[in-house]
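The values are calculated or read from the model by the stated rules, or taken from the named source; none is laboratory data. Note that this is a predicted model, so its numbers are computed, not measured. Cβ coordinates were reconstructed from backbone atoms using ideal geometry, including for glycine residues, and neighbour counts include every protein chain displayed. Accessible surface is based on the protein model in full, side chains and every heavy atom, while ligands, DNA and RNA are left aside. Shrake-Rupley method; radii C 1.70, N 1.55, O 1.52, S 1.80 Å.
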Amino acid sequence: MAHRSMAGGWCLVLALVAGSTLPARAEGTPHPGCRPPGVLGDVAPGTGGASPGSFLRIGGTVYFVADDGVHGTELWKSDGTEAGTVLVKDLQPGLAGANPGLLTELNGVLLFIANDGTHGFELWRSDGTPAGTRMVRELNAGREGGNATDLVVLGGKAWLATADHLTGRELWVTDGTFDGTRLVKDLHPGPGTSIAARSMRAVGNTLFFVADDGTHGFELWKSDGTEAGTVLVKDIAPVGASAYPGRLTVVGDTLFFTANDGTTDDDLWRSDGTEAGTVRVTELFGKPLHPAPEELTAVGGRLFFRLDDEVHGPELWVSDGTSGGTRLVRDLHPGATGSNPHAFAGLGDTLYFAADDGLGGVELWKSDGTEAGTVRVKDLRAGSEGASPGELTVADARLFFTADDGTGATLWVSDGTEAGTRAVDAPGAEPRVLTYTGGTLYYSANDEARGREPYALSPAFLGDCTPPELTCPADVEAAATGPGGAVVHYAPARATDTSSDITLGYSTPSGATFPPGDNPVRVSASDTAGNTASCTFTVRVGAATDGGPEDSGCGCTSGFAGDAPWLLLGALAPLMARRRRACPWTLRPAPPATARTARTPTGAATGRTPRRARRATARRAGSFRPPE
């Protein structure tokens, strides 16, 4: 019996191993954003350059304005490839160009201001095609145009300050259609202009702006989109005078701004949209003439700004909207000269800025609003000259900026640490107009052969761009246990990653029922950065045959070469334990019954003939048949 079992076990193991292939290694795919930085296209062939700017990405298309040297400054688009970087439409034929501006997305459509040479600067829209690029509405007939100065999206509509031939520059709203473009309210009746340029800000569902109604002077106004709901917030300066609110900055649900109430120069004010809630934050100087707060920037629920208090020089200040909470953060450059902080950018709860402490020149600094937490990020250029960081632009968890470490102005990136602040290995020199939109950093850069052209960089390129290492199980062969196939258990795939955890997925899980034939199983692995890898192996199920082995309930396992000893044990164990299993090969003569019954005295103790003894007797009598 032992001899018969060994022979059957080796037959099964050889059948499995011989039908298996070596494990398959996967092909990895980096995250789509891991594409190396590069030029979008040579918009202006030659060395002249296109001087691109006003980048705005909508879906998979980035729009920008550029001059190709033939059509003048016009609207362009790119899908990220040189072949896909094309002129959208020549709005004003000739070298003058339409000079598009105020590029703004409204419900997936591009709105912008442009001059087609016939109507002056008016509101246009584009879906990225020549046919879908058209004027929304001519507001001011003739070549003069409406000359819009603001375009702000609020509540699914775009608000603009523009003029027609009757009302002057007033508040208008549009949904991007001719009929949906209308005057909200004529604040200053007649052709006179009411709204101050570039003063519109959205706070929640309210639009704030600065306007002159012809009676109160330039003061703070608000609108809910209706004529009745477009009202003066507060007459800050005496009647007939103007407070000239400026530097409007949104911090949470509060609007900060500078204003002159007629008794002093510009001070810091705040408003909640009500007359009573529009107040001066603090009066620092106590005299009519004094410097005004500048560079108002919202960071982490606070307002940072630059102020020269005539003692410390221009330094960094912070305010929580109260008099007591408005203070100097740190005197970086002791004395009246000041550090002159500028180029403010907020990343999380941290303000980044450029400043000169009087020792290292203008370098990159950061602040959490405390004196101890206001420190230099890194000395980018040794000595007193400084690297002069500029164009500070936040891109997700990173800060991009330009700096000159002595080798010329190049692109840099920082995570806020000294070790994580470094130059970016990106093509092009002297980067400008850094713009983060749609998950990509766009900028213009100069190249000796191309001139100044548009470039793109995905921040993901600077992170984890290495796919997981994945190895599939070897192919598996199994015999069907019925018309439906077989239940097959296979070994798990092997996956490793140096940076993060891995998520594995199988198109058909182990332990499933596989039908007869070849069944591909696709294994996928992904890490937290979005890099992926995949491979495929095959579970081959042979058709069921009459008289074949019964289903053991476990199918079979992967044919890894290293698993062969375990396959052997797995094949032999059921053969030795289940003596009544069918056998496809010829049985050899059995040993004498006395030898078999001697090992089974249990039956004799009960007075019954042991089952094995009865089998031996049957064999000698020639009546034994394998179980069906």
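Worth a mention:
- Any chance Ala336 is assigned to a loop (DSSP other than H, G, I, E, B), over 24 Å from Asp267 (Cβ atoms) and of a type in the set (Gly, Ala, Ser): no
- Verdict on Val70 being more than 25 Å from the chain's Cα centre (by Cα) and at pLDDT 95 or above: yes
- Search result, residues across region 206-224 that are among the polar types (S, T, N, Q), modelled with pLDDT of 95 or more and either within 19 Å of Val239 (Cα to Cα) or open to solvent by 10 Å² or more (accessible area, probe 1.4 Å) (or both): Thr206
- Residues in region 469-485 that are assigned to a loop (DSSP other than H, G, I, E, B), of a type in the set (Gly, Ala, Ser) and either touching a helix residue (DSSP H, G or I) at 6+ places or on another chain (Cβ under 6 Å) or open to solvent by 20 Å² or more (accessible area, probe 1.4 Å) (or both): 1 in all.
- Residues being outside any strand (DSSP E or B) and either at pLDDT below 95 or under 13 Å from Phe304 (Cβ atoms) (or both) - total across region 342-358: 1
- Applying the criterion of being hydrophobic (A, V, I, L, M, F, W, C) and closer than 20 Å to Asp464 by Cβ to the residues of region 486-535, the residue that is most open to solvent (accessible area, probe 1.4 Å) is Leu504.
- Matching residues in region 110-126 - criterion: being open to solvent by 30 Å² or more (accessible area, probe 1.4 Å) and closer than 10 Å to Gly176 by Cβ: Arg125
- Meets criteria (in a loop (DSSP other than H, G, I, E, B), surrounded by fewer than 20 Cβ atoms within 10 Å (Cβ to Cβ), at pLDDT 95 or above and among the hydroxyl-bearing types (Ser, Thr, Tyr)) for Thr466: no
- When residues of region 366-390 are limited to those that are closer than 22 Å to Val251 by Cα and not basic (Lys, Arg), the one surrounded by the most Cβ atoms within 10 Å (Cβ to Cβ): Ser367
- Residues of region 262-277 that are under 23 Å from Leu328 (Cα atoms) and open to solvent by less than 30 Å² (accessible area, probe 1.4 Å): Thr264, Asp267, Leu268, Trp269, Ser271.
- The lone exception for Gly94 - which of (1) modelled with pLDDT of 95 or more; (2) open to solvent by 20 Å² or more (accessible area, probe 1.4 Å) it fails: (1)
- Flag for Ala259 being under 25 Å from Ala237 (Cα atoms), buried (at least 19 other Cβ atoms within 10 Å of the Cβ), at pLDDT 95 or above and out of contact with any His (no Cβ under 8 Å at 6 or more places or on another chain): yes
- Taking residues in region 233-245 that are at positive phi, and partners anywhere that are open to solvent by less than 40 Å² (accessible area, probe 1.4 Å) and of a type in the set (Val, Ile, Thr), the pairs with Cβ atoms closer than 8 Å and at least 6 places apart or on different chains are Tyr244/Val210.
- Taken over region 391-415, the criterion of being closer than 18 Å to Asp349 by Cα, open to solvent by 50 Å² or more (accessible area, probe 1.4 Å) and of a type outside the set (A, V, I, L, M, F, W, C) is satisfied by Asp396, Arg398, Asp415.
- Selection count where residues are in contact with a Gly (Cβ under 7 Å, 6 or more places away or on another chain) and not in a strand (DSSP E or B), scope region 301-332: 3
- Look at region 438-454: where a residue is at negative phi and a partner is among the β-branched types (Val, Ile, Thr) and open to solvent by 50 Å² or more (accessible area, probe 1.4 Å), sitting 6+ places away or on another chain with Cβ atoms under 9 Å, you get Tyr442/Val433; Tyr443/Val433; Ser444/Val433; Asp447/Thr47; Glu448/Thr47; Ala449/Thr47; Arg450/Thr47.
- For Phe55, the stated conditions do not hold, so it cannot be described as among the aromatic types (Phe, Trp, Tyr), buried (at least 20 other Cβ atoms within 10 Å of the Cβ) and over 21 Å from Gly439 (Cβ atoms).
- Output for region 413-435, where each listed residue is under 19 Å from the mean Cα position of the chain (by Cα), within 21 Å of Trp365 (Cβ to Cβ), not small (Gly, Ala, Ser) and not in a loop (DSSP other than H, G, I, E, B): Val413, Leu434
- Scanning region 209-267 for residues that are in a loop (DSSP other than H, G, I, E, B) and of a type in the set (S, T, N, Q) gives Thr215, Thr226, Thr230, Ser242, Asn260, Thr263, Thr264.
- Selection count, region 141-158, where residues are part of a strand (DSSP E or B), over 14 Å from Ala196 (Cβ atoms) and open to solvent by less than 40 Å² (accessible area, probe 1.4 Å): 4
- Lone qualifier among Ala298, Ala292 - being surrounded by fewer than 19 Cβ atoms within 10 Å (Cβ to Cβ), on the phi < 0 side of the Ramachandran plot and outside any strand (DSSP E or B): Ala292
- Counted residues, region 436-463 - those being of a type in the set (S, T, N, Q), in contact with a Gly (Cβ under 7 Å, 6 or more places away or on another chain) and open to solvent by less than 30 Å² (accessible area, probe 1.4 Å): 2
- Pick from region 180-203, criterion open to solvent by 60 Å² or more (accessible area, probe 1.4 Å) and closer than 18 Å to Gly155 by Cα, ranking: modelled with the highest pLDDT: Arg201
- Pairs linking a residue in region 479-508 that is farther than 19 Å from Arg522 by Cα to a residue that is among the aliphatic types (A, V, I, L, M) and open to solvent by 70 Å² or more (accessible area, probe 1.4 Å), with Cβ atoms under 6 Å and 6 or more positions apart or on different chains, are Ala480/Ala543.
- Residues satisfying the stated conditions in region 385-437, i.e. free of Cβ contacts under 8 Å to residues at least 40 places away in the same chain and either touching a helix residue (DSSP H, G or I) at 6+ places or on another chain (Cβ under 6 Å) or aliphatic (A, V, I, L, M) (or both): Ala387, Ala403, Ala409, Ala419, Ala423, Ala429
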